[in-house]
1. Say we look at segment 70-83 and pick out the residues that are surrounded by fewer than 18 Cβ atoms within 10 Å (Cβ to Cβ) and not β-branched (Val, Ile, Thr); which of these is nearest to residue 134 (Cα to Cα)?
2. Given the criterion touching a strand residue (DSSP E or B) at 6+ places or on another chain (Cβ under 8 Å), modelled with pLDDT of 95 or more and surrounded by fewer than 17 Cβ atoms within 10 Å (Cβ to Cβ), identify the matching residue among 86, 53.
3. Please go through (1) surrounded by fewer than 16 Cβ atoms within 10 Å (Cβ to Cβ); (2) outside any strand (DSSP E or B); (3) of a type outside the set (Ser, Thr, Tyr) for residue 62 and return the number of the only condition it doesn't satisfy.
4. Inspect segment 111-123 for any residue being without any contact (Cβ under 8 Å) to a residue 60 or more places away in the chain and either in the same structural domain as residue 42 (by TED's automatic domain parsing) or part of a helix (DSSP H, G or I) (or both) and give the result as yes or no.
5. For segment 66-85: of the residues being on the phi < 0 side of the Ramachandran plot and of a type in the set (Gly, Ala, Ser), which is farthest from the chain's Cα centre (by Cα)?
6. Kindly list the number of the only condition in (1) within 15 Å of residue 187 (Cα to Cα); (2) in contact with a helix residue (DSSP H, G or I) (Cβ under 6 Å, 6 or more places away or on another chain); (3) surrounded by fewer than 19 Cβ atoms within 10 Å (Cβ to Cβ) that fails for residue 280.
7. Which of (1) surrounded by fewer than 19 Cβ atoms within 10 Å (Cβ to Cβ); (2) free of Cβ contacts under 8 Å to residues at least 40 places away in the same chain; (3) hydroxyl-bearing (Ser, Thr, Tyr) does residue 249 not meet, given it meets every other one?
8. Could you list, in sequence order, the residues of segment 49-69 that are among the polar types (S, T, N, Q), within 18 Å of residue 94 (Cα to Cα) and out of contact with any Ser or Thr (no Cβ under 6 Å at 6 or more places or on another chain)?
Amino acid sequence: MGKNFSVNEMIRKESVRTRLHGREQGISFTEFSYMLLQAYDFFHLFEHHRCRLQLGGSDQWGNITEGVDLIRRLRGVQAYGLTSPLILKADGTKFGKTETGTVWLDPSRTSPYRFFQYWVRADDGEVGQFLRFFTWLPIERIEELERETATRPELREAQRVLAREVTALVHGEAEAAAAERAAAVLFTEDIAGLDERTLLAVFADAPSGTRPRTDLEGGGLALVDALVQAGLAPSKSAARTLVRQRGASVNNRVEDDETRRLGTADLLCGRYVVLRKGRRDHHLISFD
């Protein structure tokens with residue numbers, strides 16, 4: 001394929017030029033030859049599937065147009081490229097499978113709950129753009145949500161609507177409703193109504209541990225001991241103080257009895273107990 005490309009033309013491409021002059025290490029041969037591979041990919045799609053239009057992000061414009069030129073030179077057929085502006089994350093980096101903080105459409109890679117939470121955490125400055133790009137909401141509704149964000153940002157109504165709409169589009173209405181409910185009960189005793197998959201998704205990023213189920217038999221496991229072993233209190237005396245001050249919760253139920261013991265009746269989904277200190281510090285215990 002190389003004889004069909006001009007090095008001079010490749011060097012003039014924005015994607016190559018910026019790497020040649022904008023970085024101390026320059027550009028590797030692999031990076032330089034990438035556009036040949038992508039151009040051939042477009043040619044292959046045309047040959048085997050009669051594909052004449054390739055879509056991509058604006059950073060792929062040079063690679064796509066090389067494919068358009070290759071198809072024209074080898075087959076005399078006009079192909080086309082269509083690019084759109086890149087959607088950037090809040091830190092200014094692009095989405096991609098090699099980037100950190102990747103959001104996957106596959107529920108086995110990013111659960112519907114975590115997918116929902118990603119959109120809920122959208123910055124105020126980007127939520128309007130996301131509503132335009134990723135939902136079918138009428139522009140009047142989007143503008144209304146933008147006004148609400150400007151006047152009452154603490155409500156995060158635009159983010160919740162965005163999360164609901166995009167999760168329903170990708171995973172279906174039932175999963176969107178389940179994710180929204182899970183978010184709503186995160187700090188309430190209704191957490192007991194979550195199914196196991198959703199419960200684990202909710203606390204996927206929380207510290208967790210495993211204990212033998214026999215700990216709950218007989219007299220049960222002292223809450224004070226559980227708090228210390230979970231790292232929510234540095235000592236038993238500190239744990240007792242935490243409980244007396246109503247700073248400890250079991251399955252989101254505030255406890256004030258320092259003699260409280262955990263038993264099988266406390267298990268969620270027949271296996272788990274969620275301990276919480278204050279508002280944010282959670283620990284998920286699995287009793288196996």
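The values are calculated or read from the model by the stated rules, or taken from the named source; none is laboratory data. The model shown is predicted, which means the values in this text are computed figures rather than measured ones. Don't worry about glycine lacking a Cβ; one is built from the backbone with ideal geometry, like all the others, and counts go over all protein chains shown.
1. Residue satisfying both the conditions and the ranking: 82.
2. Criteria check complete, one pass: 53.
3. So residue 62 meets the others, but not (1).
4. Yes, some residue in segment 111-123 is without any contact (Cβ under 8 Å) to a residue 60 or more places away in the chain and either in the same structural domain as residue 42 (by TED's automatic domain parsing) or part of a helix (DSSP H, G or I) (or both).
5. 79
6. Unmet condition: (2).
7. Every listed condition holds for residue 249 apart from (1).
8. Result: 60, 63.
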